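Engineer: This is the structure I have questions about; it appears just below.
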Amino acid sequence: MKKLSAAALTIPLLFSFASAQEIIKLKKVKVFEELLPQETVGESEEITEEEIKTTRQIDIGEILSNIFPEINHIRKGGTANDIVLRGFGRDNINVLIDGMRIYGACPNRMDPPIFHMSTPQVKEVYILEGPFDVTNQGSLAGVVNLISKDPEKGTFGYIGFTGGFFDYLSGNIQFNYGTDKIKLLVGYSKQFSHPYESGEGKKITEYPKGMSAYKPSEINHTAFNIDTAWITTVLNPTEEHEIKIRYGFDEAKDVLYPYLKMDAIYDRTHRISGEYTLKPYGISVSGYWNFVKHDMQDRWRVSSNMWFFRGYMMRTLAKTETYGAKIEKKLKIYGVNIKTGIDGYVRNWKADNVIMNLDNRGMIPDVDIKNVGVYVQGAKRINRLVVSAGIRYDNIKSEANKDRLGTANRNLYSMYYGSNYSLSKTDSYVTGNILFRYKFSKRNNIYIGFGHTVRVPDPQERYIALAKPMTKPNWVGNPNLKKVKNNEVDAGFEYYWGFFGLKGNVFYSDLTDYIYLTKIQNGAPKPALSYKNIDAHIYGGDVNIVGMLTDTVSVELGAAYQRGKKDSGSYNDSDLAEIPPLKTRLALKYDNGSLYILAEEIYAARQSNVDTDLKEQPTKSYFVTNIKAGYVVNRASINIGIDNLFDKNYYTHLSYLRNPFSAGIKIPEPGRFFYMNVKFMF
Ligand SMILES: [Cu+2]
């Protein structure tokens, strides 16, 4: 009987960079796989690697949600999907771009961090689930790191074009030049679409009602129009030295978010980063800066009708800037592989809002978060046991500028939280983790790990200040919020038998001072939406089965389930909000190296474990079928696909905004969506 090779199972068929096929690699790692090189631990270390060959290429959040049952997307519109990993969202997970921090400018998360890199730039996505990252501050429940393509040796380029339903058009061109000493990659991409239609044949712009409804003239308004340009240079003056400099710019215009009450006029981002590696000493020094400017208005909604003289009833202009640096060294002491480093960053966020005649300047009042941290992480193999551990110390200061507040929102903190609050808070803490893996054979193993992680409240949770007109509830941050603490156990196994591989993982996260939405009044004239610390726990697990049926045919089955419960605070309903239901994915693949065919079925169960305190509603179960095929010939590839083949009308559980005062507008997923992409290499 034919023995299944490790490579065949985890890396089905690898095309080199020089192939015309567009590939994004998705890697799920456990902490020590990243730290220990293959030769140290033996060739048995597994990295769960998935490859994305054909997609609509709209956004990374949607792509990840499609492949991994434990990742779910928050559907706000046609693009810019935010993600929830194992029930954790927002700042509870770290989303990094080339290892650097980036934050969205929009107080309503129209531009989540994961939106700030376009699909054609992405080479790999690293996903580290659980409390096992000490190399970045605040990785409470996981890290998602998008890695961009590096330039290669040689002179060549690509041109790619995708077209699909609802006037979806996407094109990109990339040019590569490289010698031993200098390499350069320059790229440009554009994406455009009109609003998509759901399975019931309605445009997503037709779902909001009342004042939030789109004006009849704007129902078919551009849904997004995104330009992206990037340049990466790698310099190798000698073999020992490497300097990498990256610059990226993107401008997303006319992005519609029917999930919210406003749309983005534009969202403009600059990213720059530099990295210097001194290979013989295992030292790397990196620095980065990024800036996002975001303008959202209700100008295309009915609510702006009365305000025609200025074009909008409400508007938020927001800016965020993040910069940081890291020095890291890899070394080996007494056979222990060690990575140690010192890093720091500054995140600044300001947003100014106007609603009717209310001056909400400083809606996010020029908040600075300043962090310095040190860490050390080590791993060692002792016979069949691999032990890895990490520890990190952080000092982090959050500070808002009261002078930035406008006339309408100036007194909100004292109105709801009394005079005894401070707009400056410093948190210092130690975090760490330990993980044991026992290997029964080269590939079969079990593992168990424990981690203690912390994150500080984000600038919005502590300091947002938005006064709303008339009887509408205000929105105010809680300056007294404490940092969130997570004590989590993860355990799992990997088992290979013949042509099949089976992996499973369970986790239990005990959360202290988890930050949760609440309504507050405290004697104020009207209530407000705010945040409180509660104790809670989230637990769940996922399984993954991969099987090679023949040399060319493989099957994949994945399933994930998670549950969240409140443990403290006054509540009527103990279920945590925004916890996705059971989700499964079954895929059948044929791949002979030039022809590729995939059929997949995604199922999500009904979610009735909802938090009625936040007006959450149950979400129905759904089945959706996607098919795709691709063909590669020499320097060209062509792919076609149909997502939602049977034109089902369905909603994911994260398809509407949670608010304790009223349930948000549910945004359906796209109906049948046909697309085709072609790519040439020159
Ligand atoms: Cu916005």
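The values are calculated or read from the model by the stated rules, or taken from the named source; none is laboratory data. For clarity, every value in this text was computed on a predicted model and none was experimentally measured. Because the Cβ atoms are built from the backbone with ideal geometry, glycine has one as well, and the counts that use them run over all protein chains shown. Just the protein is used for accessible areas: all its heavy atoms, side chains included, with ligands, DNA and RNA removed. Shrake-Rupley method; radii C 1.70, N 1.55, O 1.52, S 1.80 Å.
Engineer: Compare THR340, THR119, THR222, THR550 by solvent-accessible area with a 1.4 Å probe and give them largest first, with all protein chains kept in place.
Structural biologist: The residues order as THR550, THR340, THR222, THR119, largest area first.
Engineer: 7 Å from Cα along Cα→Cβ at both ASN649 and VAL553: what's the point-to-point distance in nm?
Structural biologist: Label-label distance for ASN649 and VAL553, simple model: 3.7 nm.
Engineer: So, one more: Return the carbon/sulfur percentage of the accessible area of the chain, one whole number, probe 1.4 Å, all protein chains in place.
Structural biologist: Carbon with sulfur: 60 percent of the solvent-accessible area.
Engineer: Separate question: Counting alpha carbon pairs within less than 8 Å and at least 6 residues apart, what relative contact order, in whole percent, applies to the chain?
Structural biologist: Computed value for the chain: 12 percent relative contact order.
Engineer: Which entries in the list LYS76/LYS526; LYS181/LYS279; LYS244/LYS332; LYS350/LYS485 go over 23 Å, if you measure between the two C-alpha atoms of each?
Structural biologist: Exceeds cut-off: LYS76/LYS526; LYS244/LYS332; LYS350/LYS485.
Engineer: Roughly how many nanometres apart are two label points built 7 Å out from the Cα toward the Cβ at LEU358 and ASN522?
Structural biologist: Taking the simple label geometry, LEU358 and ASN522 are separated by 1.7 nm.
Engineer: Need the list of aspartates and glutamates near LYS253 for cross-linking: C-alpha distance under 13 angstrom, and skip anything on the same chain fewer than eight residues off.
Structural biologist: ASP111, ASP227, ASP263, ASP267, ASP295
Engineer: Going by a ≥ b ≥ c, the root eigenvalues of the Cα gyration tensor, does region 531-682 fall in the rounded group (a/c under 1.5), the prolate group (a/b larger than b/c) or the oblate group?
Structural biologist: Prolate shape, in that a/c is at least 1.5 and a/b is the bigger ratio.
Engineer: Do any of LYS209/LYS620; LYS620/LYS648; LYS215/LYS261 go past 19 Å between their Cα atoms, and which?
Structural biologist: Distance filter (> 19 Å) returns LYS209/LYS620.
Engineer: Give the accessible surface of region 554-613 per residue, rounded to a whole number of Å², with probe radius 1.4 Å and ligands, DNA and RNA excluded.
Structural biologist: 39 Å²
Engineer: Also: On the full set of protein chains, 1.4 Å probe, figure out the accessible area of TYR622 and give it in Å² to the nearest 10.
Structural biologist: My reading of the accessible area for TYR622 is about 30 Å².
Engineer: Once a ≥ b ≥ c are taken as the square roots of the eigenvalues of the Cα gyration tensor of region 12-681, is the result rounded (a/c under 1.5), prolate (a/b larger than b/c) or oblate (a/b not larger than b/c)?
Structural biologist: Rounded, because the longest to shortest axis ratio a/c is under 1.5.
Engineer: List the residues, sorted by chain then number, that are 5 or more residues from ASP82 or on another chain and whose placed amide H is less than 5 Å from its amide H.
Structural biologist: ILE74, LYS76
Engineer: LEU598: accessible area at probe 1.4 Å, nearest 10 Å²?
Structural biologist: Solvent-accessible area, nearest 10 Å²: 10 Å².
Engineer: Is it possible to state the helix-based mean residue ellipticity at 222 nm for the chain, with each DSSP H run of 4+ residues giving -39500 (n - 2.57), the sum divided by total residues, to the nearest 500 deg cm²/dmol? What is it?
Structural biologist: Helix-only estimate at 222 nm: -1000 deg cm²/dmol.
Engineer: Hey, another quick one. Report the charge-dipole magnitude of region 397-463 in Debye, nearest 20, computed about the Cα centre from +1 at each Lys and Arg Cβ and -1 at each Asp and Glu Cβ.
Structural biologist: 500 debye
Engineer: Once amide H atoms are placed 1.01 Å from N in the peptide plane, what residues at a sequence separation of 5 or more from ILE102, or on another chain, have their amide H within under 5 Å of its amide H?
Structural biologist: Answer set, sorted by chain and number: ILE97.
Engineer: Something else about it: What does the charge dipole of region 58-130 about its Cα centre add up to, to the nearest 20 debye, if the Cβ of each Lys and Arg holds +1 and the Cβ of each Asp and Glu holds -1?
Structural biologist: 160 debye
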